[in-house]
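Scroll down for the structure; my scribbles are underneath it.
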Amino acid sequence: MPKKKAHIQPTGRATIRNIAHDAGVSIAAVSSVLNNLHVERRISETTVAKVRRTAAQLGYLPNIGARRLRRGESIRNSVVFALITSFEAPIPLVKHFIFALRQLVAKGGFAQAGGAISVMVEMFTAGRLCEMPGLLTGDHFNAAIILNTTAVDDAFLAKSKLPYPAVVVNRSIPGYSSVMEAPDSGARVAEVLIKKRRRRLGVLHGNPLTQITRVRVNSFTERTIALLGRPAEEVVATTLSETAGYEAMRAYLKERGSLDGLYSVSDALALGAYRAIKEAGLHIPDDVAVIGVGDYEIAPFFDPPLSCVGVSHQQLAERASQLLFAQLERKVHSRKLACAPILETLRASSGHD
């Protein structure tokens, strides 16, 4: 009976050679699988699964330095953390994630680095994540936090296998660790507004809805129906920008009627809605109470200060970064779902002192 190959624990970062040894396959097969070229090179599903399982067990990270050196570039062996987000994402949200990653990196002690550690931002057009260079190969980065994806992007990720640790934010995708806000934040907003005797409620959101904005809208609408016997009005913006929020709210007030309570699924949309409401000769909160999501640093300086109900973006960013580092250090061996609690910061825009 042939002897089973002894496992050799890498003393530094795991290499393709280590994976080939432990998996009992060729280096060429490992390279093909980790570069997502296994289909065209006709590598069996059994071998693909074995390579990926072994790579995960060894904590393999693509060696960006070696890849660039092969192309004639000079760079130290490094670990590059990527924050992958859409161009449509609110900048204050992105900032929280950059800061959280930098904070963890600054604390030091990431054992696999062996060289430089850096944080980069990679941006894509919503719905076109599949076009991002290096996403499936690890040529540009070897660990990632992914946020602000659409349903099309989520479907692409679900059928893809990234060759490096990754955490998705505010969406649940099979095969990925994720951090989600609690699912009843929209319901809580409905309760706050109705307690303030608001009866004509509306929800302002972008198009298309992401996983988490759909959850917010649905929970708000369902709770509104339960408490008032009718659904909330939907005010649909083309994007999540301030301009889109202004244009959508202005059109609604001009063409469809009035509201006395508005739930905006992002603070950026709320800022645009503020201007449209005031231009219509209405006052906040006397005529229209407004509640946003995100509690951006600018929220207390809205006129009047904006109430926010939802997860803290800072806390979301910290939990996502911690979960990514746990994967990198092999402290998490299976996909994990973490939940961030709802926070309420009620200010003058909803009639609170």
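Could you list, in sequence order, the residues of the stretch 57-90 that are modelled with pLDDT of 90 or more and assigned to a helix (DSSP H, G or I)?
Answer for the stretch 57-90, where residues must be modelled with pLDDT of 90 or more and assigned to a helix (DSSP H, G or I): Q57, L58.
Pairs please, first residue from the stretch 279-291 and under 20 Å from T345 (Cα atoms), second anywhere and open to solvent by less than 50 Å² (accessible area, probe 1.4 Å) and part of a strand (DSSP E or B), Cβ atoms under 6 Å, 6+ apart in sequence or on different chains.
Hits for this filter: I284/V290; V288/L262; A289/G261; V290/L262; I291/Y263; I291/S307; I291/V309.
Mind checking which residues of the stretch 181-206 are closer than 18 Å to G351 by Cβ and either small (G, A, S) or touching a Pro at 6+ places or on another chain (Cβ under 7 Å) (or both)?
A190, G202
Tell me, please, whether a residue that is in a loop (DSSP other than H, G, I, E, B), over 30 Å from A55 (Cα atoms), among the small types (G, A, S) and without any contact (Cβ under 8 Å) to a residue 40 or more places away in the chain can be found in the stretch 207-224. Outline the logic, then answer.
Quick first cut of the stretch 207-224, residues in a loop (DSSP other than H, G, I, E, B) only: 207-210.
Filter again for over 30 Å from A55 (Cα atoms), leaving 207-210.
Filter again for among the small types (G, A, S), leaving none.
Looking through the stretch 207-224, none of the residues is in a loop (DSSP other than H, G, I, E, B), over 30 Å from A55 (Cα atoms), among the small types (G, A, S) and without any contact (Cβ under 8 Å) to a residue 40 or more places away in the chain.
Find the residue count for the stretch 151-171, including only residues that are in contact with a strand residue (DSSP E or B) (Cβ under 8 Å, 6 or more places away or on another chain) and in a loop (DSSP other than H, G, I, E, B).
Here the count works out to 5.
Please list, ordered by residue number, the helices (runs of 4 or more DSSP H) wholly in the stretch 236-353 having 1 or more residues that are open to solvent by less than 10 Å² (accessible area, probe 1.4 Å) and touching a Ser or Thr at 6+ places or on another chain (Cβ under 7 Å). Walk me through it before giving the result.
Working: elements: 242-255, 267-279, 313-328.
Once the helices (runs of 4 or more DSSP H) in the stretch 236-353 are filtered for at least 1 residues that are open to solvent by less than 10 Å² (accessible area, probe 1.4 Å) and touching a Ser or Thr at 6+ places or on another chain (Cβ under 7 Å), what remains is 242-255, 267-279.
Pull up the stretch 203-229, narrow it to residues that are among the charged types (D, E, K, R) and touching a strand residue (DSSP E or B) at 6+ places or on another chain (Cβ under 9 Å), then point me to the one that is most open to solvent (accessible area, probe 1.4 Å).
The extreme case among them is R214.
Can you find, within the stretch 145-168, the residue that is most open to solvent (accessible area, probe 1.4 Å) among those that are small (G, A, S) and closer than 17 Å to A55 by Cα? Walk me through how you get there before you give the answer.
Initially, the stretch 145-168 is screened for residues small (G, A, S), giving 151, 155, 158, 160, 166.
In the following step, the residues that additionally are closer than 17 Å to A55 by Cα were identified as 160, 166.
Details: S160: 24, A166: 6 Å².
Among residues in the stretch 145-168 that are small (G, A, S) and closer than 17 Å to A55 by Cα, the one most open to solvent (accessible area, probe 1.4 Å) is S160.
The values are calculated or read from the model by the stated rules, or taken from the named source; none is laboratory data. Computed from a predicted structure; not experimentally measured. All Cβ positions, glycine included, derive from the backbone under ideal geometry; neighbour counts span all protein chains shown. All accessible areas refer to the heavy atoms of the entire protein, side chains included, with ligands and DNA or RNA removed. Shrake-Rupley method; radii C 1.70, N 1.55, O 1.52, S 1.80 Å.
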